[in-house]
Ligand code: CA
């Protein structure tokens, strides 16, 4: 009998235990307890109108969420001060040793029969809770680390260029600073952005709702331990600073982006919304998913050279669905630049890290057409519309729902589920 009635092959079994923040639905008794200090700002982080109860740290087990703080208090755990909180930030800030200790304790709470009487009543069905943005997002950076994606985009937008990659691409992980205040939790509606657009043949720019709204399937990395300004984080410091990962959809208005991006890069075409999973998977749950990244074709400067380092890639199998229909399965293992290299590059100039920093991998695209992580690539900039059960799509229409899911290989043939990120496009 599997522990606590989670079925044997459940990708959210006790081998996984991702963290989130939840409130109980429709509990008037619970609602009078709030609001709580340190509450995560931004009601856009709520997935519904019923989640008015107190926010608390939860750990997913199967189709239930454990009230981790209540369990810690009930069991007299020394980690109650990290778990009996309305956001993950205190746990994120506690550092690598605490992360491992807390995970060990949680694993025992949901597997050791002696704890069952205390813990079982603190497991709430997912259908009875509202999931919130699990941490306060500090700075948000987005990279461009898939060679397949970068080459596709280069061919689409610079067809006459000698090389589809820019000259810097193989020498540093290209990125930009995004807008942390518009990072929203899975389930949040995304309003179609408005802005300026001008096709090359148009005589003048026009203003209006984007007509080329797209997605970018990415993986987001969540920083826990801060770093000091002036002190770069080396490749070997990755696991000391990064707590875990999530799925991330970098919604992109291609028409706004194409007109505005020269010469300073992405701006309003990206900053209207970035969606993340409600669940943060700790790196400790992904030990068996670590892989060596693709062979490096250019020599790297020492601070980025990972030849002698532990494998920096992660084998995450992503699926992209539009209105429930899978359109792509991007393999994260194909990413040229690793999250450790991105962290090293992001800090090599002395820039510091804050607890809650979030950085996106960049669109994940594999070699084949069915592995592309954006509609831009899947439809080759609208040329080849997708035939979906819900109709033809070059880019997203109002009412479309985009859902990213993923899993990673775990120990002994198990799967580690990565929390989905979903969002619906609503009209401008
Ligand atoms: Ca992106």
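What to note about this one:
- By the count of other C-beta atoms within 10 Å, a proxy for reagent exposure, 19, 336 are ordered fewest to most as 336, 19.
- The fewest-to-most ranking of 270, 170 by surrounding Cβ atoms within 10 Å reads 170, 270.
- Along its three principal directions, the equivalent ellipsoid of the stretch 168-210 from the Cα gyration tensor extends over semi-axes of 26, 23, 8 Å, largest first.
- For the stretch 245-304, the equivalent ellipsoid built from the Cα gyration tensor has semi-axes of 30, 22, 9 Å, listed from largest to smallest.
- Most mobile listed residue (255, 400, 202) in the chain, GNM with C-alpha springs under 10 Å: 202
- Most fluctuating residue given options 360, 324, 175, as computed from a GNM of the chain linking Cα atoms under 10 Å: 324
- Ranked list, fewest to most other Cβ atoms within 10 Å of each Cβ, for 275, 236: 236, 275
- Each peptide in 345-353, 261-269 gets a packing score, the mean of other Cβ atoms within 10 Å over its residues, and the list from highest to lowest is 345-353, 261-269.
- Angle in degrees between helix 147-157 and the longest Cα principal axis of the chain, rounded to the nearest 10: 40 degrees
- Taking a point 7 Å from the Cα of residue 118 along the Cα-to-Cβ direction, the residues of the stretch 51-79 with backbone N closer than 13 Å to it are 68-79.
- With 0.36 nm allotted per residue and the present C-alpha distance subtracted, the residue 194-residue 325 stretch has 44.5 nm of extension available.
- With 0.36 nm allotted per residue and the present C-alpha distance subtracted, the residue 287-residue 176 stretch has 37.1 nm of extension available.
- What the pair-distance distribution of the stretch 379-428 shows, using all Cα-Cα distances binned every 10 Å from zero, is 21, 33, 27, 17, 3 percent.
- Rounded tilt (10° steps) of 96-109 against the dominant C-alpha axis of the chain: 50 degrees
- With 10 Å bins from 0: P(r) over the stretch 333-428, alpha-carbon pairs, percent: 12, 30, 32, 22, 4, 0
- Note on the chain: Cα-Cα pairs beyond 34 Å make up 30% of the total pair count.
- Residues considered: 292, 363, 111. Largest GNM mean-square fluctuation over the chain, using C-alpha springs under 10 Å, is found at 111.
We did not get these values from a lab; they are worked out from the coordinates using the rules stated. It should be emphasised that the depicted structure is a prediction, and the values quoted were computed from it without experimental measurement. Here the Cβ is made from the backbone with ideal geometry for all residues, glycine too, and neighbour counts use every protein chain on show.
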